[in-house]
1. Can you list the residues, at least 5 places off or on another chain, whose amide H is less than 5 Å from the amide H of T306, using H built in the peptide plane?
2. Convert each backbone phi in segment 113-118 into a coupling constant with the Karplus relation 6.51 cos²θ - 1.76 cosθ + 1.60 (shift: θ = phi - 60°), then list the ³J(HN,Hα) values in order as whole Hz, x for Gly and Pro.
3. Please list 3J(HN,Hα) in residue order for segment 217-225, calculated via the Karplus relation 6.51 cos²θ - 1.76 cosθ + 1.60 where θ = phi - 60°; whole Hz, with x for glycine and proline.
4. Roughly speaking, what is the stretch gain from Q161 to N291, that is 0.36 nm per residue apart minus the C-alpha to C-alpha distance, in nm to one decimal?
5. Given H placed on each backbone N at 1.01 Å, which residues far from I83 in sequence or on other chains put an amide H within less than 5 Å of it?
6. Pop out the ³J(HN,Hα) list for segment 120-125 in order, Karplus 6.51 cos²θ - 1.76 cosθ + 1.60 with θ = phi - 60°, rounded to Hz; leave Gly and Pro as x.
7. Just tell me which aspartates and glutamates come within less than 19 Å, Cα to Cα, of K237; anything on the same chain fewer than 8 places away is out.
8. At 0.36 nm per residue, and after removing the present C-alpha to C-alpha distance, how many nm does the segment from I81 to E252 gain when stretched out fully?
Amino acid sequence: MKEIWSRNKEVMVMHWLISRTCHVFIILACLSTASVLAQSPPKVEVDVKEKVVKVGDPFEFVCRVARPIEYCGIKFGTTSIKIKENTKRDDLEYSGRGFQNGECGIKIYSVKENMHGNFTCTVGYPDLSLESVGLTQLTVAIPPTSIKLTTNKEEYKEGEQMVMTCSTSGARPAPTVTLFLDNNILNTSRKTSESVIFNRTASYKDNNKRLVCKATHQALSEDDVRSNEKILIVYFKPQPGEFIKTSLKEGEEGTISVDVFANPKPRFDWRINGVSPDNAAFKTVTDQEMNSDGSYRAKLLINKVTQDDLTKEFVLTATNIHGSETYRVEITFASLESEDGIGAGGIVGIIMAILITLGGVGLALFARSTGRWCFARE
């Protein structure tokens, strides 16, 4: 029994020693943590965490702490400067409300490209052995050095997929890239992207239009826009047209004109009542150049318009390698007009107005001379 009691006593003593040891470690840990917290440097405040400027712009960087400081150091790139309150040079000076107010800063009159990167301030205190550090990221803006506009094909057929890409390089930060079709915006790049992509199904309306890519950047003036452009080429069959009515004058020379959208340029074939025009009475003319809207014009000249032409069927067929289309034309007679450009109806109206005016004047004279109506005496 004595041996058992002796062993239990030893175990109890060991437990007591371990417990006391743990308490000691906990107390020491707490004291250590409190010591570290007491030695933490004051927090530094800066105006902005990031700043973007152009080459040649001024830049001001100020660090602030909530107690007086003893010294102020500024570092950017490979340059380190000890700043004093009276520091003033040709290129920079001290910025702030003084060391007593806890402000350490620098004002650079003209930023250079190699100043891009972190600006760091280091401040020391008269009553502390610690230092505080703050920083700002300075971005020195550089415009894009190149702008490239590409398409997945040089030429398209109607219905094919078009992939249009505009990319830039050399800019800092990323520029704003916008893709236009003539004056219509197709797509604009996101803030951090140097390129923009747009997919589109080729339409005959896209043919001969300008695809333009423009890049704007804060390092450029509003008038200085970098751009690149190309003309889109889309091949398509002659497009359908509405029923055409042409007003001509009887007895005079007349011209029937039909504008056809097609690419490449179509071949034109006129038919009058199903047969080719009589060369003695008609003449076919086809403009060789494309119109400003991208169409081609086919003309049929009539030497002398007659009543018989009103009943004839004029049909134009336009054909290229992608297909063909027919266009039907109906002739009507223009209303007769005077040499002054006033129609018969207009002339009749003028005559009636004159007669009414004369009649009114005559009635007024009659009433006055006879003392009737409004001229009657009371």
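Only the coordinates and a few stated rules stand behind these numbers; no lab work does. Everything quoted here is computed from the prediction, not taken from an experiment. Every residue, glycine as well, gets a Cβ built from its backbone with ideal geometry; the counts of neighbours run over all protein chains shown.
1. Those lying under 5 Å, H to H, from T306 are G251.
2. 4, 6, 8, 4, x, 7
3. Rounded to whole hertz, the list is 8, 5, 7, 10, 6, 4, 7, 9, 10.
4. 44.2 nm
5. For I83, whose amide H was placed from the backbone, the distant partners under 5 Å are C72, G73, I74.
6. 10, 10, 10, 10, x, 10
7. Hits, sequence-local ones excluded: E154, E155, E158, E160, D206, D259, D269, D287, E289, D293, E325.
8. Full extension of this stretch gives 52.2 nm more.
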